[in-house]
Amino acid sequence: MKKFFVLLSSLVLLSLLLTACGATPTAAPSTAKVDQSLLVQKGKLLVCSDLPYPPFEFFDENGNPAGLDVDMATEIGNRLGLQAQIINSVFDSIIEAVTGGKCDIIMSDMNITADRNKQISFIHYLDVGQSILVAKGNPKNINSPTDLCGQSVAAESGTTEVDYLQGTGDFKGAGLAADCTTAGKPAVTVVATQKDSDALQQLQAGKVVAYFADTPVAGQYAAKNPDQFQLIGQPIQPAPVGIGIPCGGAADCTNVPLTPLGQAIETALKSMMADGTYVKILTKYGAQQSAVTLP
């Protein structure tokens, strides 16, 4: 037990009075110990992320990874005593990258879906919707998702946007494909690109009538380029986004508890939520509406 020796001087009495009145020291970030053998590289937290996808991940003016996910990963690493390092990955194969040992975790604005959860575990850290971006002036008069029926739309391969447009994955038998059929309209022609930036270029070049992406991403492109683009609504309402973590080789990760590394990351994230760092990072990138209260 610690012993406190108090000198009854006026200075000490003043200090005690201040403490009694509620003055509290700044809390140090919570940390969790990580077994280094669980990591791809000792001392590092390797993070698979698909750049660019602003504001979540992008390259700054010096060519360095930046963004919401990058800041989150860096802070999580700091609280675990690890140096976060971003590994630029192709989204369509990013799950194979983390399960194949290329990185420790995925932080790439990835929606939690049943298909993905069979392959990896998730820590829920955001809720994000998805929106349509069209050319300025909306020349094709796209005012609702079914206005895209029979049109060409660009989205990044492997995303839930493509699944929604095609009626695949968690949207099998549903999504816009089903809505077009119900409306008696032809299906959407989906232009799936390897990188999200390539999908945006399809719209810029006039090769498609719309670009489909997560709302913060489409919204940022519209806000930064008002002379080129405009936002048309949010056909997919906010859905859970997760940090992806290998589940230890199980055939189906759906009900598998988090690995020790996953538990440590969850502890770090909870401490960020508790001390306000989590909301501060979201606010920095204008994404505070995507906040969740607990992992």
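The values are calculated or read from the model by the stated rules, or taken from the named source; none is laboratory data. Keep in mind that this is a model prediction, so the values were computed, not measured. All Cβ positions, even for glycine, are placed from backbone atoms using ideal geometry, and neighbour counts span all protein chains on display.
Inspection of segment 133-144 identifies at least one residue that is modelled with pLDDT under 95, closer than 30 Å to VAL209 by Cα, among the hydroxyl-bearing types (Ser, Thr, Tyr) and not in a helix (DSSP H, G or I). Among the residues of segment 140-149, the ones that are free of Cβ contacts under 8 Å to residues at least 60 places away in the same chain and closer than 16 Å to GLY206 by Cα come to 1 in all.
Would you mention how many residues in segment 160-181 are aromatic (Phe, Trp, Tyr) and either in contact with a His (Cβ under 8 Å, 6 or more places away or on another chain) or buried (at least 24 other Cβ atoms within 10 Å of the Cβ) (or both)? The qualifying residues number 1. Only residues that are part of a strand (DSSP E or B), out of contact with any Asp or Glu (no Cβ under 7 Å at 6 or more places or on another chain) and of a type in the set (Gly, Ala, Ser) were counted across segment 98-128, and they come to 1. The set of residues from segment 83-114 being within 19 Å of ASP214 (Cα to Cα), of a type in the set (D, E, K, R) and in contact with a helix residue (DSSP H, G or I) (Cβ under 9 Å, 6 or more places away or on another chain) comprises just one member, ASP109. Taking the criterion of being out of contact with any Leu (no Cβ under 8 Å at 6 or more places or on another chain), β-branched (Val, Ile, Thr) and not in a helix (DSSP H, G or I), the residues of segment 167-218 that qualify are THR168, THR189, VAL191, THR193, VAL208.
Given the condition out of contact with any Gly (no Cβ under 8 Å at 6 or more places or on another chain), farther than 22 Å from ILE106 by Cβ and either crowded, with 21+ Cβ neighbours inside 10 Å or in contact (Cβ under 8 Å) with a residue 60 or more places away in the chain (or both), answer yes or no: does some residue in segment 253-270 qualify? Checked against the condition, which is being out of contact with any Gly (no Cβ under 8 Å at 6 or more places or on another chain), farther than 22 Å from ILE106 by Cβ and either crowded, with 21+ Cβ neighbours inside 10 Å or in contact (Cβ under 8 Å) with a residue 60 or more places away in the chain (or both), segment 253-270 yields no hits at all. Only a single item in (1) crowded, with 19+ Cβ neighbours inside 10 Å; (2) within 18 Å of LYS270 (Cβ to Cβ); (3) polar (S, T, N, Q) is not met by SER89, and it is number (2). Within segment 61-83, can one find any residue that is in a loop (DSSP other than H, G, I, E, B), among the β-branched types (Val, Ile, Thr) and surrounded by 15 or more Cβ atoms within 10 Å (Cβ to Cβ)? There is no residue in segment 61-83 that is in a loop (DSSP other than H, G, I, E, B), among the β-branched types (Val, Ile, Thr) and surrounded by 15 or more Cβ atoms within 10 Å (Cβ to Cβ). Here SER121, SER152, SER157 are screened, and the one residue that is among the polar types (S, T, N, Q), at pLDDT 95 or above and in contact with a Cys (Cβ under 6 Å, 6 or more places away or on another chain) is SER121.
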